[in-house]
Amino acid sequence: MSLMADDCILETTGLVKEFRGFVAVNGVNLKVKRGHIHALIGPNGAGKTTCFNLLTKFLEPTRGTIRFNGEDITHESPERIARRGIVRSFQISAVFPHLTVLENVRIALQRKLGTSFHFWKSERSLDALNDRAMELLASVGLDEHAAMITVEMPYGRKRALEIATTLALDPELMLLDEPTQGMGHEDVARVMALIKKVSANRTILMVEHNMKVVAGISDTLTVLARGSVLAEGPYAEVAANPLVIEAYMGSEAGELASPAGH
């Protein structure tokens, strides 16, 4: 897909968040290109999660602007942001553990229809959502596990289910918060492939610690340190930046320079 230089789906200008004098996000200018996988990385305490919270309006910026598809959304509510097509997948797996895999996706589809809490609706009206729910499960490789109770699934598959429930809301921009956190190598590889697959026809902004994941699938990286943008660009360019290597120090810097398997 050819992208014009200014084909920007999400842009922040001078984004600042202060907490009683502590500056957690400090003048962040971020441009996320349509159709790209954009990774937000940085050492612990760099301001990545605060930045995500500002973009989804879980926090109100102290200063600065956020624009989505060219429109100023700085002061809109989280509900309005979600209706625009910005959907966030949480760091902690956000699924109903005692429902089946299929029921979890069906509930997400109901939310899209605006009938979220009508649990008294007839089974037949919910069954109408089954075909779409099964399509979504197939897209994340979970169609054979549709009847399984979610709590019984391994961690990596729960994350795949969470991505399916995020996709059910038909996002234009998906925000993934630490999608591979706490996973073994096999699950990481599966979720990497999944993110790459679901990125077709949509834009992904993700916070991620695993450099193999970042190197393997992201088009652009933004590195935050102490709340400010330290560097931005393709992986190879950012990984070679002396300021980035210094910010990561030690073992993480080694990992940054040559992630395993890349």
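The values are calculated or read from the model by the stated rules, or taken from the named source; none is laboratory data. What you are looking at is a predicted structure, and each value in this text was computed from that prediction instead of being measured. Please note: Cβ atoms are built from the backbone with ideal geometry, for glycine as well, and neighbour counts cover all protein chains shown.
Checking A108, A39, A46 one by one, the residue that is surrounded by 16 or more Cβ atoms within 10 Å (Cβ to Cβ) and either among the polar types (S, T, N, Q) or outside the structural domain of D7 (by TED's automatic domain parsing) (or both) is A108 and no other. Among the residues of the range 136-154, the ones that are surrounded by 14 or more Cβ atoms within 10 Å (Cβ to Cβ) and either over 12 Å from V101 (Cβ atoms) or of a type outside the set (A, V, I, L, M) (or both) come to 5 in all. Tallying residues that are touching a residue at least 60 places away in the same chain (Cβ under 8 Å), touching a strand residue (DSSP E or B) at 6+ places or on another chain (Cβ under 6 Å) and among the hydrophobic types (A, V, I, L, M, F, W, C) within the range 137-195 yields 5. Just so you know, in the range 163-177 the residues that are at pLDDT 90 or above and part of a loop (DSSP other than H, G, I, E, B) include one that is surrounded by the fewest Cβ atoms within 10 Å (Cβ to Cβ), and it is E172.
Each row is one residue, and each column tells you yes or no for (1) of a type outside the set (A, V, I, L, M, F, W, C); (2) modelled with pLDDT of 90 or more; (3) surrounded by fewer than 19 Cβ atoms within 10 Å (Cβ to Cβ); (4) not in a helix (DSSP H, G or I).
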| site | (1), (2), (3), (4) |
| --- | --- |
| G182 | yes, no, yes, yes |
| E186 | yes, no, yes, no |
| A193 | no, yes, yes, no |
| K197 | yes, yes, yes, no |
| L205 | no, yes, no, yes |
| E232 | yes, yes, yes, yes |
| V238 | no, yes, no, no |
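I'd like to know if the range 210-218 contains one or more residues that are of a type outside the set (A, V, I, L, M, F, W, C), surrounded by 20 or more Cβ atoms within 10 Å (Cβ to Cβ) and closer than 30 Å to L113 by Cα. Within the range 210-218, not a single residue is of a type outside the set (A, V, I, L, M, F, W, C), surrounded by 20 or more Cβ atoms within 10 Å (Cβ to Cβ) and closer than 30 Å to L113 by Cα. Filtering the range 55-69 to residues that are buried (at least 20 other Cβ atoms within 10 Å of the Cβ) and modelled with pLDDT of 95 or more leaves P61, I66, F68. Applying a threshold of 8 Å to beta carbon distances and a minimum spacing of six or more residues, or different chains, the list of pairs starting in the range 67-81 at a residue that is more than 14 Å from C8 (Cα to Cα) and ending at one that is of a type in the set (F, W, Y) and modelled with pLDDT of 95 or more reads I81/F68. With respect to the conditions (1) in the same structural domain as I163 (by TED's automatic domain parsing); (2) in a helix (DSSP H, G or I); (3) at pLDDT below 90, E79 falls short on a single one, namely (1). Apart from one condition, H98 fits all of (1) assigned by TED's automatic domain parsing to the domain that holds A108; (2) surrounded by 15 or more Cβ atoms within 10 Å (Cβ to Cβ); the exception is (2).
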